[in-house]
Amino acid sequence: LFPYTTLFRSVEKFIFGQLDSFFADLVRHKIPLTLDAERRTLAKDVLVVFPRETLVPYLYFKKSAAGVEYRLRLGTEQQTWNLREYNVVPLTNTDPAWLLIDYALFRVPGINGNMVKPFRQKDAVQIPPDKERIYFRQFIAKSIRRSRVEAEGFRVDKTDVLRATRLESVENVLENRWLLRPVFEYDGAEFPFGDRRDRVTSLDIPEGEQGEIAVHLISRNQDAENDRMETLQHLGLQPSGHSFEISGEAGSLASLLAFLTRHRAALEAAGFSIAAPQSDGKTLALAAHDISVRSEAAADWFDVQGKVTVGAFSFPFQKFLPNLRRHDPFFALPDGTFFLIPEEWFARYAEIAGAVQEQDGQLRLPKTL
């Protein structure tokens with residue numbers, strides 16, 4: 001029985017995953033889809049529409065001595081409605097749910113198709129006291145974070161403290177430019193810049209049968225978030241979609257690293273944390289850097305000496321020769337991160353790197369090439 005159950009769930013997950021991609025492509029490319037079309041039916045009369053608005057699940061819980069009354073409604077930011085008012089057909093049983101409501105196809109993040117089934121015939125579900133924990137664990141806990149929740153009779157713990165703002169480096173591959181995306185961190189929730197949610201709810205369900213179920217409500221502090229955005233703009237960033245770009249820059253990785261390195265102290269003092277940028281699977285260092293190369297004339301050559309400093313690390317110039325010769329900008333640092341060699345270093349030293357010779361640990365550049 002167990003292997004069969006495992007196989008069934010794996011197949012179900014795969015099928016609904018494919019359906020999710022299929023429906024997403026339909027909506028993205030606006031591919032015509034008909035419902036219950038017959039030979040004498042005009043296609044235009046049975047076309048499925050793809051509404052622009054996103055449906056939001058609203059969960060209602062009222063606890064009493066008789067148990068918990070649970071209601072699920074759908075709606076927008078402005079209004080909600082009972083599922084019984086429409087012909088709601090769940091098309092997938094995984095999160096996000098794809099629902100066919102009359103002749104409209106909706107993607108509803110935060111719930112799965114199974115959750116709507118009881119509410120097509122009744123407005124509320126009664127959960128007996130001895131089933132509360134198992135019901136909340138199996139059917140509610142995973143969905144509650146992306147839903148609007150109202151709870152009566154439960155202990156509700158509220159917080160709106162913006163703990164930190166994380167800056168993530170994001171590559172826009174299509175436009176070949178790098179951006180910074182702020183992520184607002186609260187205790188128990190994160191909200192990327194541009195996220196329309198103003199709150200997140202979670203459940204604290206104690207193990208065993210002791211202890212009460214509590215609701216955690218994390219509300220966004222808009223004033224604190226606006227202060228962080230003003231800081232970014234003051235430092236020379238400007239909004240671009242759901243991210244920020246460096247004003248007057250082409251959006252190269254090098255310019256982004258330079259900006260973060262230059263303003264790192266100011267950003268951290270203002271409550272930001274900086275996620276280490278990633279490129280080609282490599283973690284890039286944010287560190288001040290410097291290079292000095294000098295030469296002294298000898299008989300038929302110049303003795304070349306140089307030093308490179310990257311943050312707390314120092315290297316002789318010859319350590320960089322392989323990278324300069326291959327035009328490989330990623331130099332491995334002892335701590336496992338990589339230093340992105342500036343393009344101007346290649347322009348200035350690549351020719352020297354190609355001509356210099358190593359003899360007895362010394363670098364020599366012939367006077368005649």
Relative contact order as a percentage, region 97-217, C-alpha pairs under 8 Å and 6+ apart, gives 22 percent
Quick note, region 316-355: a/c under 1.5 would make it rounded; otherwise a/b > b/c is prolate and the rest oblate (a ≥ b ≥ c, C-alpha gyration tensor); here it is prolate
The rounded separation in angstrom of the Cα centers of region 154-217 and region 50-127 is 23 Å
For the chain, whose charge dipole is built from +1 on Lys and Arg Cβ atoms and -1 on Asp and Glu Cβ atoms, the candidate among Ile205, Leu72, Val183 with its Cα farthest towards the positive end is Leu72
For the chain, the Kirkwood Rh over every pair of distinct alpha carbons, in Å, works out to 25.9 Å
Straight-line reach check, Lys319, cutoff 24 Å on alpha carbons, 8 or more apart in-chain or any other chain, hits among lysines -> Lys282, Lys307, Lys367
With the 1.4 Å probe rolled over protein heavy atoms, region 1-94 has an accessible area per residue in Å² of 72 Å²
Shape call for region 56-183, from the Cα gyration tensor axes a ≥ b ≥ c (a/c under 1.5 means rounded, otherwise prolate when a/b beats b/c, else oblate), comes out oblate
Of all GluC sites (Glu not before Pro) in region 198-291, the ones in DSSP coil with at most 13 other Cβ atoms within 10 Å are Glu207, Glu209, Glu212
The extension gain from Thr159 to Ile31, computed as 0.36 nm times the residue separation minus the Cα-Cα distance, is 41.7 nm
Computed over region 291-369, the relative contact order (Cα-Cα under 8 Å, seq sep at least six) in percent reads 29 percent
Restricting to Cα pairs under 8 Å and 6 or more apart, the percent relative contact order of the chain works out to 10 percent
In nanometres, the difference between 0.36 nm per residue of separation and the alpha-carbon distance of Arg264 and Ala350 is 28.0 nm
So the carbon and sulfur contribution to the accessible area of the chain, 1.4 Å probe, in percent, is 50 percent
Here, Ala224 and Glu185, labelled 7 Å along Cα→Cβ, have an inter-label distance in nm of 1.3 nm
Under a Gaussian network model of the chain whose springs join Cα atoms within less than 10 Å, the largest fluctuation of Ser247, Ser202, Ser169 belongs to Ser247
Here the gain from full extension of Ala104 to Gln238, 0.36 nm per residue of separation minus their alpha-carbon distance, amounts to 44.5 nm
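The values are calculated or read from the model by the stated rules, or taken from the named source; none is laboratory data. Given the structure is predicted, the values throughout are model-derived calculations rather than measurements. Here Cβ is always computed from backbone atoms with ideal geometry, including for glycine, and neighbour counts include all displayed protein chains. When the accessible area is computed, the model is the full protein with side chains, heavy atoms only, and any ligands, DNA or RNA have been set aside. Shrake-Rupley method; radii C 1.70, N 1.55, O 1.52, S 1.80 Å.
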